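What follows is calculated from the coordinates using simple rules that are stated; it is not laboratory data. Bear in mind the structure is a predicted one, so any value in this text is a computation, not a measurement. Here Cβ is always computed from backbone atoms with ideal geometry, including for glycine, and neighbour counts include all displayed protein chains.
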Amino acid sequence: MKRQFTVRSSQFSVSAPMRVAVLLGATAILTIAGCRQDMQNQPRMFPQRGTTFFADHRGARPQVVNTVARGELDQDSYFFTGVVKGPNGYREERDEMPFPVTMEVLQRGQERFNVYCTPCHSRVGNGLGEIVQRGYKPAANLHDQVRMAQPLSHYFYVMTHGYGAMPDYSAQIEPQDRWAIAAYIRALQLSQNATTSDVPAGAQVEDLKQVAQQQNLPAWLASPWKLPSTAVWANPAKGQGLPAMAPANTADPKQIATPAKQGAAR
């Protein structure tokens, strides 16, 4: 009778936490062995500090000349500059709008004009705003012959770059609104120099004094304003005109004067 023998192999089991610990340990050993200090010690620049990496020893690098950010190349458009290149190569202003003028555009221009322009020019544009009456230099009268003859884009250019005592408003007013203000200035000029022939058929014409009386306003509001004695006339050198008339710089574009009647916004 044969005997049968069964041989059982020994089995060794390793718990899951142990396997994880071994794996992490191996990973740490490999990571430490592969680390070097080259990236930590490599030459680098600190803000507002010098460096030996460049020949001029300046860490802050100068900007590349004529570099323009994406989406900011707006200097070659009449809409953004208010000037065009004339036949002689010089910049020229034009008596035209870059987009159609609607009643909504004029209303927007009036609202922006009342916010940014009236402190100096007043709401009627005669240059006798509130701060002028309190000692600031008299602003330009938008209804005199000089301003009436200026092209429409001149006002856009002035708002963009400033003019004499007037600072620029390019940061406060967007190009679309600057054009809207220019269109409203032309409408304001027409309102102060209109004749009965300019009134559409069927429209009612009212005297300003009567309107003031109907709204219980003082009659002097409909009369010509006088410059107060508090205004400061710091006249520039002879031949340079009145305050706020001197150009902001010698690179002002050439103005193409047009008759007042042809200067209406289109």
| Cut-off under 5 Å, modelled amide H: who pairs with R91 long-range | G86, K254
| remark: With a ≥ b ≥ c from the Cα gyration tensor eigenvalues, square-rooted, and the rule rounded for a/c under 1.5, otherwise prolate when a/b > b/c and oblate otherwise, the range 175-225 is oblate
| remark: Ranked from fewest to most other Cβ atoms within 10 Å of their own Cβ, F79, F156, F113, F99 fall in the order F99, F79, F113, F156
| request: Go through the range 113-120 residue by residue and turn each phi into a ³J(HN,Hα) via Karplus (6.51, -1.76, 1.60, θ = phi - 60°); whole Hz please, and just put x for glycine and proline. | output: 4, 5, 7, 9, 9, 5, x, 9
| Based on the alpha-carbon gyration tensor of the range 93-181 and its eigenvalue square roots a ≥ b ≥ c, which shape applies: rounded if a/c is under 1.5, prolate if not and a/b is larger than b/c, or oblate? | prolate
| task | Return the long-range amide H neighbours of R58 (sequence gap of 5 or more, or a different chain), with a cut-off of under 5 Å between placed amide H atoms. | result | T51
| remark: Counted neighbours (other Cβ, 10 Å), sorted fewest up, put D198, D207 in the order D207, D198
| request: Would you mind ranking H161, H121 by Cβ crowding within 10 Å, fewest neighbours first? | output: H161, H121
| Using modelled amide H (1.01 Å from N, peptide plane; none on Pro or chain starts), what sits under 5 Å from the amide H of M97, excluding residues fewer than 5 places away? | R266
| query | Residue by residue, what Karplus-based ³J(HN,Hα) values in Hz, rounded to whole numbers, does the range 199-209 have, using 6.51, -1.76 and 1.60 with θ = phi - 60° and x for Gly and Pro? | reply | 7, x, 4, x, 7, 8, 9, 10, 6, 4, 5
